[in-house]
Amino acid sequence: YNVTPEKDINYLNGVTTYDLVLISKHILGIEIFDSPYKWIAADANKSNSITALDIVKLRALILHIDDELVNNDSWRFVDKDYSFVNPNNPLAEAFPEFVDLDGSTFDPVNFIGVKIGDVNSTVNPNSLLGSETRTFDGELIFEINNSTLEEGERFKVDFRAKNFNKIEGYQFSFGFDNQQLELVEIIPQLEGLEERNFGLTKINEGVITTSWNKSEAVSLEENSVVFSLIFKTNNKIQTESLFNINSRYTKAEAYHGNELLDVVLRYDNKVVADQFELFQNVPNPFKGETIIGFNLPKAEKVILKIVDVSGKLIHLEEVDAKKGYNSVRFKKKGIEGFGVLYYQIETS
């Protein structure tokens, strides 16, 4: 008998821009991986080597440009009893991803699961249903100006750094009113930030994703422009109500050493408050499981309801939600024969 485990779902589980920070440090020899499983996790394109191309592939996932890794599964498995000949370069050897049995015994067969892209072990491998919470150690603040604009006017939005101190990377989703605005151009100004650090696959939904990192921490002077976006208006508008930073697709977070920071947007020293938002489930449509994201202005218990087209209740769940972005995984297992489903979040 040959036992070969497989798992190929939820490519972004445990994968963030901080993994790219760690992979960059490994490539440059600043901080070499201390486990053979980290080498395997970093080899995103399954080339048996770790290069800048692996970072490119993983960033495309984070930005939602790609939904999967073409040459790799989301997980790889190694025989738990296998000892690596060269732990400092495990990709050079053919480690066993299966176990052969002769059928004479029924001893347990154990594997080490490696989540591709997750080199800092933040994956939640067994969470098929449940809310996700994150604890932040502070904030990275971007500030923009509030303006009144006429119809058809082109204008530039400068994202100025307010406390950009020893930052190794950041990522977030930037929301804008795509009924009122049309994106014209992206102008990166931070070192190492290029147009390829922005994802535009969700622009028709009014979302731009971004991810940036450096192997060495970067500090900027107060009010330094990190990047600029040029828009064209469709109506006379006040810009303050049109923009926000959220976690709709790419989670909003930044990295200061080992500290995880929230990313927030301010208009002329005024913080944009969190509000009620219910996001499109991802992926949609889905086969096995999907993620439902929502935003709250304060922490509270909420009720998630999922119904079919006739209004029949399919799923009911109470979630301890926190202020800001939350997400719930919904798994299809045990629910048969449905086509279109609707979901809602009930708060106080």
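The values are calculated or read from the model by the stated rules, or taken from the named source; none is laboratory data. All values reported here derive from a predicted model rather than from experimental measurement. Here the Cβ is made from the backbone with ideal geometry for all residues, glycine too, and neighbour counts use every protein chain on show. Protein only, heavy atoms only, side chains kept; ligands, DNA and RNA dropped before computing areas. Shrake-Rupley method; radii C 1.70, N 1.55, O 1.52, S 1.80 Å.
What is the one condition in (1) surrounded by fewer than 19 Cβ atoms within 10 Å (Cβ to Cβ); (2) in contact with a helix residue (DSSP H, G or I) (Cβ under 9 Å, 6 or more places away or on another chain) that Glu221 does not satisfy? Answer for Glu221: the failing condition is (2). Kindly provide the set of residues from the range 209-218 that are under 18 Å from Phe142 (Cα atoms), of a type outside the set (S, T, N, Q) and in contact with a helix residue (DSSP H, G or I) (Cβ under 9 Å, 6 or more places away or on another chain), ordered by number. Within the range 209-218, just Trp212 meets the criteria.
Scanning the range 1-24 for residues that are part of a loop (DSSP other than H, G, I, E, B) and of a type in the set (A, V, I, L, M) yields a total of 3.
Scanning the range 25-78 for residues that are within 18 Å of Glu6 (Cα to Cα), open to solvent by 30 Å² or more (accessible area, probe 1.4 Å) and not in a loop (DSSP other than H, G, I, E, B) yields Tyr37, Phe77.
The condition of being touching a Lys or Arg at 6+ places or on another chain (Cβ under 6 Å), of a type in the set (D, E, K, R), modelled with pLDDT of 90 or more and open to solvent by 30 Å² or more (accessible area, probe 1.4 Å) holds for only one of Glu143, Glu97, Glu151, Glu182, that being Glu182. Out of contact with any strand residue (DSSP E or B) (no Cβ under 7 Å at 6 or more places or on another chain), closer than 30 Å to Asn284 by Cβ, modelled with pLDDT of 95 or more and acidic (Asp, Glu), is that true of Asp67? Criteria not met by Asp67.
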